[in-house]
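Peer 1: The structure's right below; bear with me while I get my questions together.
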Amino acid sequence: MGIVFTVREKCKGCYACIRSCPCKAIRVEQGLAQVMKERCIACGTCLQVCATGAKQVESDLGVVWQLLAQYPNVIAILSSSFPAALPEIRPGQLVTALKRLGFSEVMADSFGAELVGREYAQLLSKDKDRPILSSNCPAAVTYIEKYHIPLISYLAPIVSPMIAMGRVVKWQYNPEAKVVFIGPCVAKKAESKDEKVAGVIDAVLSFAELKEMFAAKGITPESEEGGQFSGPKPYLGRLFAISGGLLKVMGLSDDILQNDVISAHGRDYVVKILREFVRGDITARFVNLHFCHGCIDGPVIDNELSGFRRKELIANYTTGRADPVQTERDIQEYASINLSRKFTSQSIGLATPSDKDVQSVLKQMNRANPEEQFNCGACGYSSCWELAVAVCQGLAETDMCWPYVLNRLKATQEELIQAEKLTSLGQMAASIAHEVNNPLSGVLVYTKLLSKKLDSDTFSKQEALGYLSKMDSEVSRSSKIIRNLLDFARQSEPVLRAVDVNQVIEQALSLVSHQAQLQNIEVVKELSPSLPKVMADFDQLQQVFTNLILNAIQAMPDGGRLTLRTSVDSDGQLKVDIQDTGCGISRENLRRLFTPFFTTKEKGKGVGLGLAVVHGIIQRHQGRIEVQSEVGEGTTFTIYLGAHYEEEA
Ligand code: ADP
């Protein structure tokens, strides 16, 4: 894991980090935007743009608590940006609060900037033949070490103020002491561990981490007494956190009328100027590089102050504490500290894919034709070609292309709709088989009975004719059912004629009565003798009652009572109750009862169309169906008909 890493659960795959990363150091794997340690320069840009907080920085808090617990001398070195980062705390209060945390002394890297500034001035006066790139900003240095190897030789071989200050303490001021740097920068964490300058800074905290420490110890710096900074006294070095601060210490200015000195601050500016530098377009003698807009703009400063206000706070702090004579004396005292450093190539050497490979990825994303290459940038890469290159290099996935994903989704949706249609078709076919199977089973029963009874001497021709007529009516019922199902599918209107509902019920019952007998079901008929005829479709109503009676029978596998009741209610409506003492229906299932294909019956026994058919028929008769049920007690389906009594019709 690198200094910056991704918290898996928080990453929502918005690719904001990819869009902003100047090094394309984010690899997307299964939708997760991971930081590639070997490409990352720890500039912290991804932290600033990540809206979900998925990008986080390695914490040194544990190390610092341990140092404070184990060592008597732990010196805090504050970044010179502290007046802008913690404006609510006066500098003296900050010193006292840090000491209450256990730090033995508090210094600032501004004195390191004094030493470094002079070193730069000397370098510039000595080395007049070639341009110099500043090396104070660790993100800019690592960027050059990884992505502009030929520029390494232009980097000033001078340490940063943080390392300079670490050397001041460890090499002269108090070699026994442990040193903790506190600042607004992520790259400083990496710099302190860089083997070329390591050993003088023991841990690096961000200002946010410092606030966490204060909170953990219940310290409110704003209410502390003022304390004193230790060690050598800085003056103009306090300006180092502002982008032109180093120039001020060096006594230089980035006069816009002269091109000798350039102060390049901000990620895009640095990236562009280095490209121009490579091309030889830059004639300046000195380019001061800051990946942020000065350290006062560091990625882990968590206040909302404007750049101008931050600059003002630093300037006020600097002028309010000017003691140039003392500073000069201290500089002399530490003049022998070696401030030199080296740089090494950290080339990551990613192979450039062939045009053929890139084209084949573009083809895969349906972006082979130039007019299909929208270059919309939604993937985080500035062009479709760049994304395809990244895919070839294993940095990106084709699914990062939104138009491609949307097209695929559309295709999948169409496939799903098609699959759904096929499923419905299958279910409908099964339902037809189910409905037709009932009367056919009846025919089968009568055929078997007939062939059995034919052997018996007592079997009369009369009885045989009775069986045959039942078979005949079963067969015609099955053909009617098919018609009915087709009607249901077509939502056909009922053919109305005056119908005696009692007769329809008798007819329906006769079709399933053998089933009731087999299951030991007592059938109770309470059919009103004075029932008026209603205008209805006889066959459709018969199907309604057959379905409801069959369901009632199936709900009583161990026997029970089936009551069929007809009456006229107080509103003059014809009312039919089909009541059973079966298993009952749960509250949850009651809501879904009439939904097509809802069934609780085992495969092959139920397809869940019976009640949907019933509901459709009753609706088309402008009637109403109600159901009351208690689990374990039984169910009553009640049908109200009556909009079209024979007389009115
Ligand atoms: P199917 O009989 O094919 O399952 P239906 O639409 O006729 O389809 O019935 C749907 C479901 O309603 C049944 O599976 C069953 O759970 C429930 N149901 C219908 N009538 C009764 C009843 N009288 N008693 C208990 N449950 C019933």
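The values are calculated or read from the model by the stated rules, or taken from the named source; none is laboratory data. Quick caveat, the model's predicted, so the values are computed rather than measured. Using ideal geometry, Cβ is built from the backbone for each residue, glycine included, and neighbour counts are taken over all protein chains shown. Only protein heavy atoms, including side chains, enter the accessible area calculation; ligands, DNA and RNA are left aside. Shrake-Rupley method; radii C 1.70, N 1.55, O 1.52, S 1.80 Å.
Peer 1: On the given criteria, is VAL568 touching a residue at least 40 places away in the same chain (Cβ under 8 Å), open to solvent by less than 10 Å² (accessible area, probe 1.4 Å) and more than 9 Å from the ligand (Cβ to nearest atom)?
Peer 2: no
Peer 1: Against the definition (outside any helix (DSSP H, G or I) and either within 32 Å of the chain's Cα centre (by Cα) or in contact (Cβ under 8 Å) with a residue 40 or more places away in the chain (or both)), how does LYS363 come out, yes or no?
Peer 2: In short, no.
Peer 1: LEU362 is checked against (1) of a type outside the set (D, E, K, R); (2) surrounded by 12 or more Cβ atoms within 10 Å (Cβ to Cβ); (3) under 28 Å from ILE149 (Cβ atoms) and fails just one. What number does that condition carry?
Peer 2: Answer for LEU362: the failing condition is (3).
Peer 1: Could you pull out the residue among LYS356, LYS448 that is within 26 Å of VAL475 (Cβ to Cβ) and at pLDDT 80 or above?
Peer 2: LYS448
Peer 1: Mind checking whether some residue in segment 120-132 is more than 22 Å from CYS43 (Cα to Cα), in a loop (DSSP other than H, G, I, E, B) and within 51 Å of the chain's Cα centre (by Cα)? Outline the logic, then answer.
Peer 2: Initially, segment 120-132 is screened for residues more than 22 Å from CYS43 (Cα to Cα), giving 120-131.
Filter again for in a loop (DSSP other than H, G, I, E, B), leaving 127-131.
Imposing the further condition that a residue be within 51 Å of the chain's Cα centre (by Cα) reduces the set to 130-131.
Scanning segment 120-132 turns up at least one residue that is more than 22 Å from CYS43 (Cα to Cα), in a loop (DSSP other than H, G, I, E, B) and within 51 Å of the chain's Cα centre (by Cα).
Peer 1: Still on this structure, I have one more. Which ones in segment 270-289 are under 11 Å from ALA140 (Cα atoms) and open to solvent by 10 Å² or more (accessible area, probe 1.4 Å)?
Peer 2: Hit for segment 270-289 is VAL271, nothing else.
Peer 1: Now for a different question. Condition test on ASP577, is it open to solvent by 50 Å² or more (accessible area, probe 1.4 Å) and either acidic (Asp, Glu) or over 52 Å from the mean Cα position of the chain (by Cα) (or both)?
Peer 2: In short, no.
Peer 1: Please specify each residue of segment 168-190 satisfying the condition of being closer than 13 Å to CYS137 by Cα and of a type in the set (A, V, I, L, M, F, W, C).
Peer 2: CYS185, VAL186, ALA187, ALA190 - these are the residues of segment 168-190 that are closer than 13 Å to CYS137 by Cα and of a type in the set (A, V, I, L, M, F, W, C).
Peer 1: Can you spot a residue in segment 514-521 that is open to solvent by 20 Å² or more (accessible area, probe 1.4 Å), part of a strand (DSSP E or B) and either modelled with pLDDT under 90 or touching a Ser or Thr at 6+ places or on another chain (Cβ under 6 Å) (or both)?
Peer 2: no
Peer 1: Residue check: is VAL495 surrounded by fewer than 20 Cβ atoms within 10 Å (Cβ to Cβ) and either within 14 Å of the ligand (Cβ to nearest atom) or outside any helix (DSSP H, G or I) (or both)?
Peer 2: Answer is yes for this residue.
Peer 1: Let me ask you something else. Only one residue in LYS525, LYS575 is more than 11 Å from the ligand (Cβ to nearest atom), in a strand (DSSP E or B), over 20 Å from GLU633 (Cα atoms) and not hydroxyl-bearing (Ser, Thr, Tyr), so which one is that?
Peer 2: Exactly one of LYS525, LYS575 is more than 11 Å from the ligand (Cβ to nearest atom), in a strand (DSSP E or B), over 20 Å from GLU633 (Cα atoms) and not hydroxyl-bearing (Ser, Thr, Tyr), namely LYS575.
Peer 1: List the number of the failed condition for HIS615; all other conditions in (1) more than 10 Å from the ligand (Cβ to nearest atom); (2) open to solvent by 10 Å² or more (accessible area, probe 1.4 Å) hold.
Peer 2: Going through (1) more than 10 Å from the ligand (Cβ to nearest atom); (2) open to solvent by 10 Å² or more (accessible area, probe 1.4 Å) one by one, HIS615 breaks only (1).
Peer 1: Something else now. Just to check your reading of the model, which residue among VAL278, VAL300, VAL287 is hydrophobic (A, V, I, L, M, F, W, C), touching a residue at least 40 places away in the same chain (Cβ under 8 Å) and assigned to a loop (DSSP other than H, G, I, E, B)? Outline the logic, then answer.
Peer 2: Details: VAL278 fails: assigned to a loop (DSSP other than H, G, I, E, B); VAL287 fails: assigned to a loop (DSSP other than H, G, I, E, B).
Among VAL278, VAL300, VAL287, only VAL300 is hydrophobic (A, V, I, L, M, F, W, C), touching a residue at least 40 places away in the same chain (Cβ under 8 Å) and assigned to a loop (DSSP other than H, G, I, E, B).
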